Each structure stands twice: as structure tokens, then as C-alpha cells.
Amino acid sequence: MPTPAFEDLVDTFSFLDDWEDRYRHIIELGRAMPPLDEAFKVPALKVQGCASQVWLRPTPNGDTYDFQGESDAQIVRGLIAVLHSLYSGVPVAGVAAIDAPAELARLGLTEHLSSQRSNGLRAMVQRIRETAAG
């Protein structure tokens, strides 16, 4: 089940008429994220399969899932913010139940990202699922 933050993002996207506006919004979401401390930009937290450099650091909060992330590419940093809105605050046991491809399709991402970016997005989702599974 998507979080309220993700539902708000879906609503926002419904008001943005074209992909360029959505693209800019994704970049702004990434800019608004707090930076990942340099100490966490280590190989163990780096996501393989992304064209850009991407780090995801799980930060569970009790029984709920959360993470921090960073990328050297603006659009990818924005995609991390989108994934954060999808997963942050979800019960750890519920992370695997989220159908990320279907939820992201509601934003129109699947049809507007390059195959390289789509592969990276899938790799980030896989990493989130793996870290939640423990």
C-alpha cells in the first residue's frame, strides 16, 4: 500500500501536463533531500546496476522502513526521492508487498525514462527490498 506521501506525489503529477514539468519536479524533489554524509558513500552502500553513482543507506525506525540516499546525477537523486516517498514509513514487513513497478507506472516514469535509468531504478528498488528483508 503506497504511503500518503506517494499519493500526494501522484496527485501532483496529475496536475503536471507534460513530461518536462514532471522531470523538473523530480529534480526539485531530489534537491530538497538532505545530503548523504560522505562517511556513508562506501562500496557496501553503493547500488550496482545504475549508470550513475547511487548510495542507499537503510535507516530503519523501529518496525518501519526508512532510508537515506544520494546520487551524483540530479534526475537519479530525484528518483531516490520518489522511492523515499513510496517506501519511507512503511512497516518493514510490508516493503516486499509494494508493487513498485505498478506504483511508479502511475507517475508515468516507466514510459519516459531511458532503459539505462529504468534499469537503475529497478536496481534501487531491489536494494530497498533486500535491505528491508534483512
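The values are calculated or read from the model by the stated rules, or taken from the named source; none is laboratory data. This structure is a prediction, so every number in the text was calculated from the model and none was measured. When we count neighbours, we look across all protein chains shown, and the Cβ atoms used for this are built from the backbone with ideal geometry, even at glycine.
Give the range 95-134 a look and list any residue that's within 17 Å of E20 (Cα to Cα), charged (D, E, K, R) and in contact (Cβ under 8 Å) with a residue 40 or more places away in the chain, or say none. If the condition is that a residue be within 17 Å of E20 (Cα to Cα), charged (D, E, K, R) and in contact (Cβ under 8 Å) with a residue 40 or more places away in the chain, then R106, R117 are the ones that fit.
Residues of the range 11-35 that are among the aliphatic types (A, V, I, L, M) and under 14 Å from the mean Cα position of the chain (by Cα): I26, I27, L29, A32, M33.
Here Q53 clears all of (1) surrounded by fewer than 17 Cβ atoms within 10 Å (Cβ to Cβ); (2) at pLDDT below 95 except the condition numbered (2). Only one entry in L86, L107 is of a type in the set (A, V, I, L, M) and modelled with pLDDT of 95 or more, namely L86. Taking the criterion of being assigned to a helix (DSSP H, G or I), of a type in the set (V, I, T) and either in contact with a helix residue (DSSP H, G or I) (Cβ under 6 Å, 6 or more places away or on another chain) or more than 26 Å from T110 (Cβ to Cβ) (or both), would at least one residue in the range 16-36 satisfy it? Within the range 16-36, one or more residues are assigned to a helix (DSSP H, G or I), of a type in the set (V, I, T) and either in contact with a helix residue (DSSP H, G or I) (Cβ under 6 Å, 6 or more places away or on another chain) or more than 26 Å from T110 (Cβ to Cβ) (or both). Name the residue that is farthest from the chain's Cα centre (by Cα), counting only residues in the range 88-134 that are assigned to a helix (DSSP H, G or I) and charged (D, E, K, R). Out of the qualifying residues, it is E111.
Please tell me if A5 is farther than 21 Å from I98 by Cβ and small (G, A, S). No; evaluated as a whole, the condition is false for this residue. I need the full set of residues from the range 37-55 which are part of a helix (DSSP H, G or I) and either more than 20 Å from Y87 (Cβ to Cβ) or not aliphatic (A, V, I, L, M) (or both), in order please. E38, A39, F40, P43, listed by residue number.
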